Amino acid sequence: MATREDDFIMTIDDNDEVPDLETAADKLDEEEAEPSRPQGKRKLNSKQKGGKKAKGSKQDDEGDMVKGFMVDLDADGLDAVPQTLDFTLARESLRKRRNPGMYSTLDEKIALSRRAAKLAKRDALLKPDEMEVSEEEHQDSDLSAEEDIASDKDSEDGSDDDNSNDDDSSNEDDEASDDDEASDDDEASDASDANEHSANSSADEENTLAATSAIDDELSESESEPESEPESESDSESEIGSDDGSESEIDEVEEARKRAYFAAPEDSAGDIPESFTTMNLSRQIMKGLTKLGFAQPTPIQARTIPLALLGKDICGGAQTGSGKTAAFLVPILERLIFRPKNTTVTRVLILCPTRELAIQCHNVSTKLAGFTDISTCLCVGGLSLKQQESELRLRPDVVIATPGRLIDHLRNSQSFHLDQIEILVMDEADRMLDDGFEDELTEIIKACPTKRQTMLFSATMTDNVDKLIRLSLQKPVRVQIDPPKSAARGLTQEFVRVRTNKDEDRTALLAALCKRHFKQKCIIFFRSKAAAHQMKIIFGLLGMRAGELHGNLTQEGRLQALEKFRDGHVDYLMATDLAARGLDVKGIDTVINYTMPTQFPQYLHRIGRTARAGRTGRAITLIGETDRKMLKLAVKNSPKDKIKQRVVPNETLNKYRAKVDELADQVKDIINEERQEKMLNDTEMQVTKATNLIQHKDEIKNRPRRTWFQSNKDRKEAKDTADRVYAGKAKPKRANSKN
């Protein structure tokens, strides 16, 4: 494998070749352990050592680090602060406490831990041959070596007896196996693969794929267990039949409200254009579409663009990856081309629930408007506040923002307002209408004029009148291309059952699936940030290239993780639901749900990261006994031939369970190192903050205080309520129907 010499991240590819960094370090250790090696080779290796050291120092000078939980304390700008106060001694004591051997990036910590484990394993094998011990000690060491060989044989199912004998008889074979990061584990994996293939003569793959009948059988078995579901989730026909009368009455009332609220279908019906040329778009917009590679409009674009050009309010819904972003950007830019040029005002506001989705929308807008004079401003958290304020003073035509940062600018940035907004767009509108954004959304709606065009888009678009009425929509048109709550047609959904009281096997199941089958372009979703981070460490120790994307990272770290995943520098992306909505990364082959989300729309958004724009993809979900309700919804809203069951053999599960258990101590050590380094970093930040407060006291006091429309207590209560609703621990509040 060709590797870059300046790559300092410990990675393993499919052929299990170790990058040059660790290989060179192992060779240096081997030279010290073999004094009988010729002198010429020693000099050659010492030159290589010097070259590696020089390159490593060059990297340190450039300050290039992978963004994660760790912050490079030498590059945080502390040296630029004049050391004229008493805090100088505190700073020096903190620096003395720092361990010179402690790494500042997670990947280097993982590399160090792996290398230390390798050296300990090699020393355990070389110790009986190098040290002169008594006869009893020598016998004990032989016994321990025989036990190691026996354990290796057991893991390999007796298929590699010759290799283990060679390991005992030759030190050169030991050194070769040390150069390979995990050769023993991979040989054991190959041997067990061969045994499983021979044992299952009727199967083409090791993991058997069954139809939905097998999943239904499992559900019926689990339902017969003592742990039964609540009565509200029962599938008894008698209970369903008893509620038919009341449910039908409620449905009739709700449908009547929807008919009165939404525009009639005949009012919005018309000829659906088959190409962009028949939509009478400007030449500049057509050039932008050609630049982005749009040849024919998708169904949501063909239905939405003509209606949006007429100025109608729209509630649009289509499957993930169907081109909804271009569906509202194209008519917006087309109308802005003919805007009055004598006055500069902000006319369009686009709201997105996450920073990453807003950045992606801004990139698409910039490319579509590349041949026009339309200006766009991005306002999201984590980026420079001063730069955003300076751009807003120029009154750009389009503002793309997240709700929190937009309200911050409305209250604290001079001369910025929304009085002239003509078009309001909400991407992923169902998430924006949830309780988590209710207060912020109400504040933004108050700042916008009532006479405007409003467009809402989502893959799981709601038609709840109580939620939509507070947006002051004027006879909105419903544009629903696909059935609501349906997955993409090219997506195959597979489910792996996690046995009762065996939730600890999820890590072993995930490692087995990724190590053996899904080796690249795979995104893995977790419920918590801590679980995503811990799994990133485990994957690194297992030799798999992984990144992480969640709220504990800085904005720069998030963007860097996405870029590495897009460019193929990492094969796995450990993410929370932060990455579940709207993100479009080409080439994602597989989505894995480590845990099933508590809400079915969120599940659809997760699996919608693959099989986009008519492509095919695969979604794997680990299903426990508490996830039966979500499994039923997935089976109900998907084609029967796209639902499969994947079975991981017990032998494979036991093998990877043992591997994960062996890594437990290393994972704890790495997490403890991170915690200590974070404490040191936080302490230095506090020292720097106190220094600045003393040196620039007058300037800081003269700055205007930034305000918020809520008190800290109300803001915390709203956030806690939204978190409980999102986790399924509380029911959402009913929307107020008053306008």
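All of the numbers you see were taken from the coordinates with simple rules; none came from a lab. What you see is a predicted model; the values in this text were computed from it and never measured. FYI the Cβ positions are ideal-geometry reconstructions off the backbone, even for glycines, and counts take in every protein chain you see.
Taking the Cα centre as origin and putting +1 on Lys and Arg beta-carbons and -1 on Asp and Glu beta-carbons, what dipole magnitude results for region 271-480, to the nearest 20 debye?
Working: 25 positive and 23 negative charges, 151 e Å.
Dipole of region 271-480, to the nearest 20 debye: 720 debye.
Sort region 271-480 into rounded, prolate or oblate with this rule: let a ≥ b ≥ c be the square roots of the eigenvalues of the Cα gyration tensor; rounded if a/c is under 1.5, and if a/c is not under 1.5, prolate when a/b is larger than b/c, oblate otherwise.
oblate
Would you mind putting 592-605, 320-333, 490-503 in packing order, based on average other-beta-carbon counts within 10 Å, highest first?
320-333, 592-605, 490-503
Around LEU289, under 12 Å between beta carbons, what's the net of Lys plus Arg minus Asp minus Glu among the other residues?
Working: positive: ARG283, LYS287, LYS291, LYS367; negative: GLU334.
Every neighbour counted, the sum reads +3.
What percent do you get for the relative contact order of region 271-480 when only Cα pairs under 8 Å and 6+ apart count?
27 percent
What's the local net charge at ARG395, with K and R +1, D and E -1, over the other residues with C-beta under 15 Å away?
Result for the local shell: -2.
Can you tell me the order of 476-486, 383-393 when each peptide is scored by its average per-residue count of other Cβ atoms within 10 angstrom, highest first?
Those peptides, ordered most packed to least, come out 476-486, 383-393.
Roughly how many whole Å is it from the C-alpha centroid of region 482-536 to that of region 291-313?
That distance is 35 Å.
Just report the Cα centroid separation between region 566-628 and region 637-699, whole Å.
If we compute the Cα centre of each part, the gap is 20 Å.
On full extension of the chain, what length is gained from ARG489 through GLN676, given 0.36 nm per residue of separation minus the C-alpha to C-alpha distance?
In short, 62.5 nm is gained.
Beta carbons within 10 angstrom, averaged per residue: use that to sort the peptides 549-559, 508-518, 340-350, highest first.
My ranking of the peptides, most packed first, is 508-518, 549-559, 340-350.
Measure up LYS529/LYS719; LYS446/LYS719; LYS109/LYS719; LYS564/LYS586 against 23 Å on the Cα-Cα distance and list the ones that go over.
LYS109/LYS719
Can you classify region 513-614 as rounded, prolate or oblate using the Cα gyration tensor, where a ≥ b ≥ c are the square roots of its eigenvalues, rounded means a/c under 1.5, and otherwise it's prolate if a/b beats b/c and oblate if not?
rounded
What distance in nm lies between label points placed 7 Å from Cα along the C-beta direction at LEU309 and ASP503?
The two pseudo-label positions are separated by 5.4 nm.
Among VAL687, THR626, VAL660, which residue has its Cα furthest toward the positive end of the charge dipole of region 612-700, with +1 on Lys/Arg Cβ and -1 on Asp/Glu Cβ?
THR626
Summing Lys, Arg as +1 and Asp, Glu as -1, what charge do residues with Cβ under 10 Å from the Cβ of MET535 carry, MET535 excluded? Each step should come with its number before you reach the end.
Details: positive: ARG506, LYS536; negative: GLU548.
Residues near MET535 contribute +1 overall.
Provide the FRET efficiency to the nearest 0.05 for the LYS629-ASN654 pair, computing r from the beta carbons and using R0 = 35 Å. Walk me through the intermediate numbers first.
On the way: r = 30 Å, r/R0 = 0.86.
The pair LYS629/ASN654 has a calculated efficiency of 0.70.
Compute, for region 475-529, the length of the dipole vector about the Cα centre, with Cβ point charges of +1 (Lys, Arg) and -1 (Asp, Glu) only. Units Debye, rounded to 20.
160 debye
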